[in-house]
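The values are calculated or read from the model by the stated rules, or taken from the named source; none is laboratory data. Worth saying up front: this structure is predicted, and the values here are computed from it rather than measured. Using ideal geometry, Cβ is built from the backbone for each residue, glycine included, and neighbour counts are taken over all protein chains shown. Only protein heavy atoms, including side chains, enter the accessible area calculation; ligands, DNA and RNA are left aside. Shrake-Rupley method; radii C 1.70, N 1.55, O 1.52, S 1.80 Å.
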Amino acid sequence: IHSVDGEIEELLRNLSDPRVSEKLVATMIDESIEIRVEVESQNQTYVKSELRDFKDESVENQLFYVKYNSEIEDVEIYHRGEHILSTPFKLERSDYALDIELVIFFFGQGKNSKSISALNRRIHDDALYPLVYVNNNLFNNTLVFDPELLRKKRTDETLPQMIGRVCIFSQSQELDFNSDRTNFVENRFTKSLESDLKKLNTLIQMKGAELKKRLKEESSKNVVPVGPAVPREGSKKDKEKVASISIDNSIPTTYYIPSGQIDLDSFIFLVKNSLGEEVKKYEVDIEIDGCSSSSRVLASVASECEKSIRFSYIDKRTGYVSKEVQLLFKQKRATITGKLQEKSLFTIPTNSNYCIVLETVADIIYAIDKAYSSRDKELYLPLIACSIRSIFEISADKVKKVRRSWIKMLDKSKLVSNVKREVKDSLFKDVALIIILLKKNQKLLTEIAYATKISFSTLNNLLDLVDFRRAVKASHIAAHQSTRYLSKPKIEESADVCGRFAVICDVLINLEDDTVSSISISSVDESDLNRYLG
């Protein structure tokens with residue numbers, strides 16, 4: 001490393017300040033790494049293992065020991081080694097975790113903080129503050145957990161004399177720093193993280209101040225009782241420690257099929273035993289749908305399903321602990337639309353969006369999506385359901401007119417009794433005839449698969465007459481009966497089937513003449529209805 005004399009002298013002056021050098025040797029939380037700083041022309045050597053534990057600082061003036069772990073979601077406060085308060089606190093987001101330990105002091109008359117080591121002091125004003133670590137590396141910032149956050153409040157409502165460790169864990173790509181790593185780059189993630197730290201800081205100080213006031217009132221000498229605050233080995237609360245498995249919530253749990261292989265170890269964020277010690281990932285057992293996974297890898301998934309992944313660990317003191325993650329595998333869906341828009345209620349299982357050519361249907365789909373994307377969508381459900389029925393009617397009617405030879409006039413006397421009942425709803429009859437037409441003519445189905453880029457097998461599986469009957473019925477209820485039968489899930493299900501039908505009809509209507517003439521079409525008659533609906 002090369003530099004000029006003036007800069008070297010400035011560096012040596014900085015390193016002569018123990019508030020700087022002690023932080024250098026404490027830059028990483030890793031017991032396996034020893035850090036030493038020896039400053040040229042000075043007798044002082046700073047060694048990480050020789051630093052005083054913050055829990056042992058000025059024990060005669062300790063007021064509270066505070067613990068918080070976002071996995072447990074409770075702020076624990078101890079006084080003179082005894083647990084005196086638990087208060088809940090939940091983080092705004094799940095893609096970061098916090099593990100905090102603090103010692104809060106009260107220096108009575110004639111006492112001060114001079115005995116507390118330089119490591120726990122701010123460089124610019126010598127005030128006490130807790131060190132902040134991000135993924136076990138020191139984050140040289142005094143503001144994200146500022147003990148003087150409540151300095152505008154009355155003195156008896158704040159507890160600014162604190163030291164400790166504020167540990168932040170996250171694998172989010174939004175976690176970013178400025179060039180000298182003294183502050184976060186501002187974005188939604190860091191705003192949320194800083195907001196949680198501020199709220200947690202405020203909560204600890206406010207609750208602690210209330211406890212301090214109560215302890216003073218209960219004291220026979222009307223003084224704030226102080227003393228070693230960290231719980232002793234074997235104390236009641238120490239026995240209540242639990243082993244835990246934390247999941248990295250930044251890892252996605254929904255995948256499109258066919259998926260790639262998934263490294264299940266990546267879901268494990270942090271594992272701790274009942275002594276609060278970190279446990280290695282390989283000590284955690286992994287099960288996939290109840291079966292042990294020795295490879296710890298989930299093979300590629302090709303069909304829609306849900307997989308249950310269980311992570312478990314047996315703690316020597318407290319026994320079995322587990323955490324479960326549900327992974328959803330689904331077909332990628334593309335929107336059906338007649339006009340450019342980002343999102344649609346109508347989708348098909350393919351990567352490519354489909355643009356409806358039939359103008360009237362395209363306009364209705366666009367209008368439905370506008371209504372459904374509004375804040376008052378619940379008010380529009382009857383209107384949306386009736387509009388869905390219109391799409392069924394217009395699409396089916398257009399196919400009957402353009403492809404008249406494919407669907408014969410029916411002689412109802414040739415239908416069996418239960419089919420006669422089914423086709424009393426003329427709309428369902430028309431819908432059923434078109435679906436059965438495809439079932440009879442696999443070459444037509446191939447043309448639709450090609451035009452929509454839906455796989456043939458997927459498209460074939462979507463031709464379920466029960467689904468179409470249910471969707472038509474739901475739109476019929478909306479048009480002619482009480483709207484109390486409507487619900488958001490029913491509307492979404494009907495729209496899904498209706499969109500599927502609209503695309504099928506749109507392709508049939510717009511087939512090239514050469515394509516139609518090259519296909520030998522078997523028309524639909526009464527026997528087909530009896531076969532598929534009987």
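Here are a few things to note about the model shown:
- Filtered residues of region 289-317 (kept if assigned to a loop (DSSP other than H, G, I, E, B) and surrounded by 15 or more Cβ atoms within 10 Å (Cβ to Cβ)): Ser293, Arg296, Val301
- If you go through region 407-442 and pick out every residue that is open to solvent by less than 60 Å² (accessible area, probe 1.4 Å) and touching a strand residue (DSSP E or B) at 6+ places or on another chain (Cβ under 7 Å), you end up with 4.
- Filter pass, Ser170 being open to solvent by 20 Å² or more (accessible area, probe 1.4 Å) and among the hydroxyl-bearing types (Ser, Thr, Tyr): no
- Taking the numbered list (1) modelled with pLDDT under 90; (2) in contact with a Cys (Cβ under 6 Å, 6 or more places away or on another chain) in turn, Glu157 passes all entries but (2).
- Subset of region 57-92 [over 20 Å from Ala243 (Cα atoms), modelled with pLDDT of 95 or more and open to solvent by 30 Å² or more (accessible area, probe 1.4 Å)]: Val59, Glu60
- Note on region 1-22: residues that are touching a residue at least 12 places away in the same chain (Cβ under 8 Å) and part of a loop (DSSP other than H, G, I, E, B) amount to 2.
- When region 181-201 is filtered for residues that are in a helix (DSSP H, G or I) and either more than 19 Å from Leu149 (Cα to Cα) or out of contact with any Asp or Glu (no Cβ under 8 Å at 6 or more places or on another chain) (or both), the ones remaining, listed by number, are Arg188, Phe189, Lys191, Leu193, Glu194, Leu197, Lys198, Lys199, Leu200.
- For region 490-518, a tally of residues being small (Gly, Ala, Ser) and under 22 Å from Asp397 (Cβ atoms) returns 4.
- Each residue in region 265-288 was checked for being open to solvent by less than 60 Å² (accessible area, probe 1.4 Å), under 23 Å from Asn136 (Cα atoms) and touching a residue at least 24 places away in the same chain (Cβ under 8 Å), and 12 pass.
- Conditions (1) open to solvent by less than 10 Å² (accessible area, probe 1.4 Å); (2) under 26 Å from Ser58 (Cα atoms); (3) at pLDDT 95 or above; (4) hydrophobic (A, V, I, L, M, F, W, C); number of the one not met by Ala209: (3)
- Against the test of being in contact (Cβ under 8 Å) with a residue 12 or more places away in the chain, in contact with a helix residue (DSSP H, G or I) (Cβ under 7 Å, 6 or more places away or on another chain), not in a strand (DSSP E or B) and not acidic (Asp, Glu), the options Ile123, Ile204, Ile104, Ile116 yield a single qualifying residue, Ile123.
- Criterion: modelled with pLDDT of 90 or more, open to solvent by 10 Å² or more (accessible area, probe 1.4 Å), among the hydroxyl-bearing types (Ser, Thr, Tyr) and under 24 Å from Asp496 (Cβ atoms) - qualifying residue of Ser390, Ser395: Ser390
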